[in-house]
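Rule-based calculations on the coordinates, nothing more; no lab input. Since we're looking at a predicted model, the values are computed, not measured. For neighbour counting, all protein chains shown are included, and Cβ atoms are generated from backbone atoms with ideal geometry for every residue, glycine included.
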Amino acid sequence: MALTTNSKVWNIMFLIFVSLTAFFVILFHFEDLFIVLVVGGILVLVTDRTIIEFNKRFGHKSLWARRMYAITFIVIGFVLFNLLIVGQLQDMGSLIRNSQQEYETGSSTIFSNYGYLFSSPDGGQMFSGEDLKSIGDYIFSFLSSIVSKLSYFVFTGLLVIPLMFRLYFSKKDVMARELIDIFPVKYQECVDLSISDIGKRLRDFFSAKILESIIVGLICCIGFYLAGIKGWFFLGVLAGLLNIVPYIGPIIGAIPAVTVGFIASPATALFAVITVIIAQLVDNLYLIPFMISGKVDVNPLLSILLTLIFADMLGALGMILAIPIYIIYKVVLTEFYNELLKIYHDE
């Protein structure tokens with residue numbers, strides 16, 4: 001279909017694009033709060049989907065029985081959260097404090113015994129002990145920053161996320177109507193369709209990616225536990241979360257676990273590598289082709305380019321949100337363009 005030549009359409013489209021961009025620039029400026037809002041939004045969307053599925057499966061039961069099932073699931077989730085998350089944060093804090101020196105000692109020993117493996121054909125060194133030390137320093141600094149920030153995220157999340165749940169489930173329709181009423185009447189139908197389409201696509205996207213991350217993270221947790229890696233749950237969850245980032249995330253997610261495994265022994269590190277490879281084989285040979293591809297309709301090449309561009313501009317958060325932001329832009333701009341074509345004919 002040929003693009004319109006009407007200047008009014010393009011002026012309005014440009015204004016919409018600038019407004020969307022300004023909105024995301026403001027959010028990324030308050031990065032830590034934005035992360036909490038994103039996590040809260042994902043939890044709200046997933047909870048909404050869970051309630052729908054719960055009602056499908058247990059809707060035929062009595063109100064009392066449905067409440068008992070719901071309370072049971074919530075209590076189990078809360079207990080697992082406390083047993084695994086809180087305990088693992090303490091273990092990771094201890095690991096980071098005590099293991100950096102062990103890593104440096106181990107890397108020096110390995111380099112002194114097997115340094116010839118890193119020699120170039122002309123007799124020079126392709127890789128030095130200082131390079132290993134620098135890599136270790138960076139990884140432990142990265143893990144330390146994650147652990148320290150998690151405390152802030154948990155505290156802020158406890159304040160903000162319950163409010164998001166209350167607003168969504170008690171005033172969802174009212175807030176959507178108030179947002180639509182801000183726009184001129186002739187654009188309100190388009191805004192309504194955009195909100196509905198964005199909600200559906202983001203819910204499908206995050207549901208699919210969360211399912212993928214849970215399975216990958218579970219495989220990693222089991223493998224890291226069997227390997228005897230300290231902080232196995234935290235590192236497995238981290239690998240699962242970073243798996244959301246297309247193509248780059250699995251590599252980044254494997255590095256901390258391999259490093260921590262290296263502290264114990266090279267064999268443990270090798271076991272961690274094998275675990276990640278198995279998880280990626282399951283992901284790429286089964287999850288993506290049969291469970292994910294139908295819900296995440298993004299061209300693979302475009303996905304890579306968006307991830308790299310957003311990573312360069314916005315860092316790790318940009319890598320994770322590149323595809324969801326692209327979906328929002330695509331839906332809003334497409335819906336408005338189609339609606340504007342009905343309102344303004346070609347000049």
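Structural remarks
- Oblate is the label for segment 1-72, because the ratio a/c of its alpha-carbon gyration tensor axes (a ≥ b ≥ c) is 1.5 or higher and a/b is not greater than b/c.
- When the pairs K8/K186; K186/K342; K172/K200; K8/K200; K200/K330 are compared against a 18 Å limit on Cα-Cα distance, K8/K200 fall above it.
- The listed peptides 228-241, 181-194, 322-335, 55-68, ordered by packing as a protection proxy, come out as 228-241, 322-335, 181-194, 55-68 (highest mean of other Cβ atoms within 10 Å first).
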